[in-house]
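Single-structure report; data block below.
The values are calculated or read from the model by the stated rules, or taken from the named source; none is laboratory data. Keep in mind it's a predicted model, so treat the numbers as computed, not measured. Cβ coordinates were reconstructed from backbone atoms using ideal geometry, including for glycine residues, and neighbour counts include every protein chain displayed. Surface accessibility is based on the protein's heavy atoms, side chains included, excluding ligands, DNA and RNA. Shrake-Rupley method; radii C 1.70, N 1.55, O 1.52, S 1.80 Å.
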Amino acid sequence: MSLNDLWFLLIAVLFTGFFFLEGFDFGVGMATGLVPRNDQQKRLMINTIGPFWDANEVWLITAAGAMFAAFPHFYATMFSGYYLVFVFILLGLILRGVSFEFRGKAEGKWWTGTWDACILIGSFLPPMLFGMAFAALVKGVPIQQNMDLKAGFSDVFNGYTVWIGLTVVGMCLMHGLTFISLRTIGEVRDRARVIASKFLPVLGILLAGMVVWTYFATDLFARRGPFMYAAVAVGIVAYVLTWYFLKQRREGWAFGMTGAVILLTFVSLFVGLFPRFMVSSINSAFDLTIYNASSSHYTLKAMTIVAATLLPFVLAYQAWSYFVFHKRLSEKDHLEY
Amino acid sequence: MDVLDLARLQFATTTILHFVYVPISIGLSLLVAIMETMYVIKKNDLYKKMAQFWGTFLLINFALGVVTGILQEFQFGMNWSDFSRFVGDVFGTPLAIEALLAFFLESTFIGLWVFGWERLSKTVHLICMWLVSIGTMLSALWILAANSFMQRPVGYEIQNGRAEMKDFAALLTNEQLLWEFPHTLFAAFATGAFLIAGISAWKLMQKKNMDFFKPSFKLSIIVALISAIAIPLFGHGQAQYLVKTQPMKMAASEGLWENSGDPAPWTVIAWIDPGKKENTFEIKVPFALSFLSYSKFTGSVPGMNELQAEYEKTYGPGDYIPPVRTTFWSFRIMIAAGCGMIALALYGAYLTFRKKLEGSHRWFFRLMIWGISLPFIGNTSGWIMTEIGRQPWTVFGLLQTKDSVSPTVVAGEVLFSFISFTTLYLILTGVLAFLFYRTARKGPDIEPHQQTVIHDPFAQGGDTIVAK
């Protein structure tokens, strides 16, 4: 495996990890509009992700940092080409992050109402827009010979990308609902589970549409047939098991299954893309790949040494933080947010 | 305005506002870590209360620092894609390491700190806060390593039409960084310290919670004093280094058109006319610029006209003089703010150690409240001088600002993002100020936590209740 391959893998892992982790806290954010019956229940839900959301977001920051360092052309093309998409993603992330912290620091209907709305918007926009951006990227966007991309409105905003965006939103919401029922006790836990069961058929339609549409709109199945079919098969199993474990009230397993659906989706995306990062709709010779978009060998080597040294610690203390807060929360507990 | 102007304006506003929150986070996390250390060592609950009360300010601010930081990282790619392509090989690495080494540390352990009071032992909980504090400092180190490369590029070679890294260690031993980092770090400590000292002074003036705010004032004034003295020491080193590596920035910050002559006098104030390339009015202190530049009372400092001719020879025709008035005045405002900080910290420390805080010093307490703004004024004007003074370059000597901007982005897009982010930042800064005020007014009476009941999802049935 060359260093270029390795860094493709690492960036894929960072984005996939981001959607798995921040996926559930986006979902919890969206679920604050569905599940709670009163303010205390809403606070309880926000507290389930309290210790985690910030570190989860750093997966995205690290993914972007790794793109910048290892594949500067990928970073430059994507961020400038998707300009307005990223403006709205950022506005969403900014509003969302401060809302968690600000919401509980003062009182009043207007005050809480404002931050509640920001949590909803901020938890919906990023997964929707990231879904659209990735869908457009794999379908093909007009990347020119000099690697510059000027994505037009219809390149990013069309039937396929909107469907994928909604599917990503749906996966996150589902993942968040199973997380809430895993982390709480009492009415919130039950309501989250019931709503998850009711929402499951909708997600099923979204997922099925994603698979079929991707088959026709992109070259993923043509390029990586066996892998894609296997991924779809495993995905169907995970989907069915989600329903089964929800029925059994085994929320830990249900959470594992909703997570598996997210993982399979993004792993398939990156497997299908490899060795490309972005597909040019003008000419496949203009695709951004792990070769023409990369940093020098020296930089990749330096980065590899740094990452190999630091990553084990980072993963270990993050895992530890999930262990520290693995107990369920109830409405009677002391809530920070 | 075209894309370039708008992108510059956006970078300036978002960086300046981001750099309001970041020094607060660095400063407050250090002070909170010190308070909690005293709690663990002295076993006195007062210090726990202090860590929790001032920790609230840290948390309100922390979220804002984190979320506005994401924009900083994305902005390089969004607005400055040609810059990113040109320097990504070198510049991206410190940014990626910042995320991997610092951001993960801060964000994970701040979560453990906030939610872990009852779940972690005292020592482990204390270590979490120190890791947050170290994380914020490491973050500053790596971002300044990247910035130092822009001020003085080292360890690279131009290959394949871009700057490629040849020596990673050189980035970290860049002498620019060795001066810039401690100077900025102590400025951040001072920011946190003056914030705590100012709020404490306000409460002492009202004679509220004296037993709480007197030790808070004492602790923060010590940190404020140490920092206020350290800042100009490292600043002096940085100025001397500046004369060697970026003489144009130095000349502009002095409003020096012609060579200064030997010994060089320091211009206190001047009316600058950049059009005619002359100053219409000046007040000068003899010998002072020689001392500032070389630590001795002899030596001449080159002027802008001579440097312009020299740069044209090296880099080809063009205007290499940065906006002189901005550079000149931001330098002076920074120095004035620094002097104010030293004076306040000295007098505050004198009152504290002479045990005179009891007495009536309303005028001084009032000054301390206004003093909260001094570090912010210093931080902002310091950055303006550093970044504006480097113009027209983004990477000194290698890449000009006009060649750094994204070629595909249009003015309307940047205008839209500029307006939306600036509005949002201003609103959020207002909310931050409101919450700071509200928390300070309410005072430190934190209600004791309710009894925690623990429900283990891995226990049989998934909902067994274990009373703690």
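Checked against (1) modelled with pLDDT of 90 or more; (2) more than 7 Å from chain B (Cβ to nearest Cβ), A:SER294 passes all but a single condition, namely (1).
Taking every residue in the stretch A:316-337 that is closer than 11 Å to A:ARG43 by Cα and more than 9 Å from chain B (Cβ to nearest Cβ) and pairing it with any residue that is open to solvent by less than 20 Å² (accessible area, probe 1.4 Å) and part of a strand (DSSP E or B), at least 6 positions away or on another chain, the pairs with Cβ-Cβ distances below 8 Å are A:LEU335/A:LEU329.
Within the group A:PHE79, A:PHE74, which residue is assigned to a helix (DSSP H, G or I), within 28 Å of A:ASN4 (Cα to Cα) and touching a residue at least 60 places away in the same chain (Cβ under 8 Å)? Break it down into steps so the answer makes sense when it comes.
Values: A:PHE79 fails: touching a residue at least 60 places away in the same chain (Cβ under 8 Å).
Answer to the selection: A:PHE74.
Close Cβ contacts (under 7 Å, 6 or more residues apart or on different chains) running from residues in the stretch B:265-288 that are more than 12 Å from B:GLY255 (Cα to Cα) and of a type in the set (A, V, I, L, M) to residues that are modelled with pLDDT of 85 or more and open to solvent by 40 Å² or more (accessible area, probe 1.4 Å) comprise B:VAL285/B:TRP266; B:VAL285/B:VAL268; B:ALA288/B:TRP266. Being more than 7 Å from chain A (Cβ to nearest Cβ), over 20 Å from B:MET137 (Cβ atoms) and of a type outside the set (Asp, Glu) is the filter here; which residues of the stretch B:96-119 pass it? Of everything in the stretch B:96-119, just one residue is more than 7 Å from chain A (Cβ to nearest Cβ), over 20 Å from B:MET137 (Cβ atoms) and of a type outside the set (Asp, Glu), namely B:TRP117.
Could you say which residue among B:LYS296, B:LYS284, B:LYS313, B:LYS277 is open to solvent by 30 Å² or more (accessible area, probe 1.4 Å) and under 15 Å from B:LYS244 (Cβ atoms)?
On the way: B:LYS284 fails: under 15 Å from B:LYS244 (Cβ atoms); B:LYS313 fails: under 15 Å from B:LYS244 (Cβ atoms); B:LYS277 fails: under 15 Å from B:LYS244 (Cβ atoms).
Just one listed residue meets the conditions, B:LYS296.
Taken together, A:LEU206, A:LEU273, A:LEU288 contain a single residue that is in contact with a Leu (Cβ under 7 Å, 6 or more places away or on another chain) and open to solvent by less than 30 Å² (accessible area, probe 1.4 Å), which is A:LEU206. In the stretch B:157-173, which residue that is assigned to a strand (DSSP E or B) and open to solvent by 70 Å² or more (accessible area, probe 1.4 Å) is farthest from the other protein chains (Cβ to nearest Cβ)? Ranking the qualifying residues of the stretch B:157-173, first place goes to B:ILE158.
In the list A:MET45, A:MET1, which residue meets the criterion of being open to solvent by 10 Å² or more (accessible area, probe 1.4 Å) and more than 11 Å from chain B (Cβ to nearest Cβ)?
Numbers: A:MET45 fails: open to solvent by 10 Å² or more (accessible area, probe 1.4 Å).
Within the list A:MET45, A:MET1, the selection yields A:MET1.
Please specify each residue of the stretch A:152-184 satisfying the condition of being open to solvent by 20 Å² or more (accessible area, probe 1.4 Å), modelled with pLDDT under 90 and of a type in the set (A, V, I, L, M, F, W, C). Passing the criteria: only A:PHE153. Scanning the stretch B:347-366 for residues that are in contact (Cβ under 8 Å) with a residue 60 or more places away in the chain and either surrounded by 15 or more Cβ atoms within 10 Å (Cβ to Cβ) or of a type in the set (Ser, Thr, Tyr) (or both) yields B:GLY348, B:ALA349, B:THR352, B:LEU357, B:PHE364, B:PHE365. Set side by side, the residues B:PHE189, B:PHE194, B:PHE181 differ, and just one is open to solvent by 10 Å² or more (accessible area, probe 1.4 Å), closer than 30 Å to B:ASN44 by Cβ and within 17 Å of the chain's Cα centre (by Cα), which is B:PHE189.
If you go through the stretch B:75-120 and keep only what is open to solvent by 10 Å² or more (accessible area, probe 1.4 Å) and either basic (Lys, Arg) or in contact with a strand residue (DSSP E or B) (Cβ under 9 Å, 6 or more places away or on another chain) (or both), you end up with B:TRP80, B:ASP82, B:ARG85, B:PHE86, B:ARG119. Take the residues in the stretch B:77-86 that are more than 7 Å from every other protein chain (Cβ to nearest Cβ) and closer than 20 Å to A:TYR82 by Cβ; name whichever of them is farthest from the chain's Cα centre (by Cα). Checking each candidate, the answer is B:ASP82. Residue check: B:GLU413 meets all listed conditions (1) surrounded by fewer than 19 Cβ atoms within 10 Å (Cβ to Cβ); (2) without any contact (Cβ under 8 Å) to a residue 40 or more places away in the chain but one, namely (1).
Summed over the stretch A:97-125, the residues that are part of a helix (DSSP H, G or I) and either at the interface with another protein chain (Cβ under 8 Å from one of its Cβ atoms) or touching a strand residue (DSSP E or B) at 6+ places or on another chain (Cβ under 8 Å) (or both) give a count of 5. Taken over the stretch A:298-315, the criterion of being buried (at least 16 other Cβ atoms within 10 Å of the Cβ), touching a residue at least 60 places away in the same chain (Cβ under 8 Å) and under 25 Å from the mean Cα position of the chain (by Cα) is satisfied by A:MET303, A:ALA307.
Within the stretch B:381-405, being open to solvent by 20 Å² or more (accessible area, probe 1.4 Å) and either in contact with a Cys (Cβ under 8 Å, 6 or more places away or on another chain) or among the charged types (D, E, K, R) (or both) holds for B:GLU387, B:LYS402, B:ASP403. Taking the conditions (1) in a strand (DSSP E or B); (2) aromatic (Phe, Trp, Tyr); (3) surrounded by 21 or more Cβ atoms within 10 Å (Cβ to Cβ) in turn, B:PHE328 satisfies each one other than (1).
Okay, residues lined up against (1) in contact (Cβ under 8 Å) with a residue 40 or more places away in the chain; (2) among the polar types (S, T, N, Q); (3) over 30 Å from B:ALA440 (Cβ atoms):
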position	(1), (2), (3)
B:TRP179	yes, no, yes
B:LEU185	yes, no, no
B:LEU233	no, no, yes
B:LEU242	no, no, yes
B:GLN246	yes, yes, yes
B:LEU256	yes, no, yes
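I'd like to check something: does the stretch B:192-207 contain any residue that is assigned to a loop (DSSP other than H, G, I, E, B), at positive phi and without any contact (Cβ under 8 Å) to a residue 60 or more places away in the chain? There is at least one residue in the stretch B:192-207 that is assigned to a loop (DSSP other than H, G, I, E, B), at positive phi and without any contact (Cβ under 8 Å) to a residue 60 or more places away in the chain. The single condition among (1) over 26 Å from the mean Cα position of the chain (by Cα); (2) open to solvent by 50 Å² or more (accessible area, probe 1.4 Å) that B:THR408 does not meet is (2).
Of all residues assigned to the stretch B:372-380, none qualifies as being open to solvent by 40 Å² or more (accessible area, probe 1.4 Å) and within 14 Å of chain A (Cβ to nearest Cβ).
For the stretch B:420-435, filtered to residues that are more than 8 Å from chain A (Cβ to nearest Cβ) and buried (at least 19 other Cβ atoms within 10 Å of the Cβ), the residue that is farthest from B:SER373 (Cα to Cα) is B:TYR425.
Out of A:PHE68, A:PHE79, I need the residue that is among the aromatic types (Phe, Trp, Tyr), more than 19 Å from the chain's Cα centre (by Cα) and surrounded by 24 or more Cβ atoms within 10 Å (Cβ to Cβ). Which one?
Values: A:PHE79 fails: more than 19 Å from the chain's Cα centre (by Cα).
Going through A:PHE68, A:PHE79 in turn, the sole match is A:PHE68.
Open to solvent by 50 Å² or more (accessible area, probe 1.4 Å), out of contact with any Gly (no Cβ under 7 Å at 6 or more places or on another chain) and of a type outside the set (Ser, Thr, Tyr): is that true of B:LYS208 in this structure?
Criteria not met by B:LYS208.
Considering each residue of the stretch B:158-177 in turn, at least one proves to be under 24 Å from B:LEU30 (Cα atoms) and not β-branched (Val, Ile, Thr).
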